[in-house]
Amino acid sequence: MESTRLFALSWRAIVLGVGLLTLLTWPNARAQDEPLPKVSVKGTIKGGKSLLNPVWTEAADPKNHRYTFRKPSTTVSKSAKNLSAYLPKELCIVALSAGKAAPKSQPIPIHVSGGRTTPATLVVAEGQNVQFVNDDPFPHKLYDAEHKQGGLGAEETKPAGQRIWKPPAVGVYEIRDEYFLSIRTWIVVEPKAAAIGRPMTTKPAEYLVPDLEPGPYNLQGYFMGKPVGKPLKIEVRPAPAIQPIMQPLVVGVTKKKGG
């Protein structure tokens, strides 16, 4: 009788011990299963004024009949006469991961408006859908300029219309419009493109790259479908939500004063 009672007490102690151990370890196990919150990095750009969209070079060629002559104006400052890219539209800043990145679940939009696209350069992971949105009151007919296999075929997109396309492979796809020669857009498929950001519209010399998981990355600027400047190694921490990058991201050549 006494042995039976001792056995029952021992069994209850084991059950209580297992239950207590489960309660103590369950929050840690749950925390390991949950993904860490994503953060953004913020920094400055160096050399952006040296970037020039080739559409303007095409327009300056008299053979293309796409330019106008203007007399120099004494009321316009010299700095305002220097052409440079509009960085929030034309410069794409990519966070390149160590391994292959997964595509986003939703298509990434490219808006067509006023004879241009926003953005003009887009870098995506392999397998990513891209959505062209026509914001103009007239149709567009976008196509892949190199007519690659599986590339974007020439189809008309009516006003307020949309068109979804998935680039078939890694590489660079130049997109043009049969109706408007001023449209020249580049889509780059980069397997390690984990997240993208752009210079801010209010402060073009500063950038923000959101939606980053903690870990090491290389920040790289892309312009006209090509990497520009120098890659910048960064380490993203779990917190805070917005992390400043102290070293500037070089995207072009910076001219020295007086040189």
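The values are calculated or read from the model by the stated rules, or taken from the named source; none is laboratory data. Predicted model only: the values in this text are computed from it and were never measured. Cβ: placed from backbone, ideal geometry, glycine included. Neighbour counts: every protein chain shown.
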For the stretch 87-122, enumerate the residues that are hydrophobic (A, V, I, L, M, F, W, C) and assigned to a strand (DSSP E or B).
91, 92, 93, 94, 95, 96, 108, 110, 112, 122
Members of the stretch 112-126 found to be surrounded by 15 or more Cβ atoms within 10 Å (Cβ to Cβ) and without any contact (Cβ under 8 Å) to a residue 40 or more places away in the chain, listed by number
118
I'd like to verify a number: residues in the stretch 161-182 that are within 11 Å of residue 143 (Cβ to Cβ) and either among the aliphatic types (A, V, I, L, M) or touching a Lys or Arg at 6+ places or on another chain (Cβ under 8 Å) (or both), how many?
7
Single unsatisfied condition, residue 153 versus (1) surrounded by 16 or more Cβ atoms within 10 Å (Cβ to Cβ); (2) not in a strand (DSSP E or B)
(1)
Residues of the stretch 135-159 being under 24 Å from residue 222 (Cα atoms) and in contact (Cβ under 8 Å) with a residue 24 or more places away in the chain, in sequence order, are 142, 143, 144, 145, 146, 148
The stretch 172-184, subset at pLDDT 95 or above and in a strand (DSSP E or B), residue farthest from residue 97 (Cα to Cα):
177
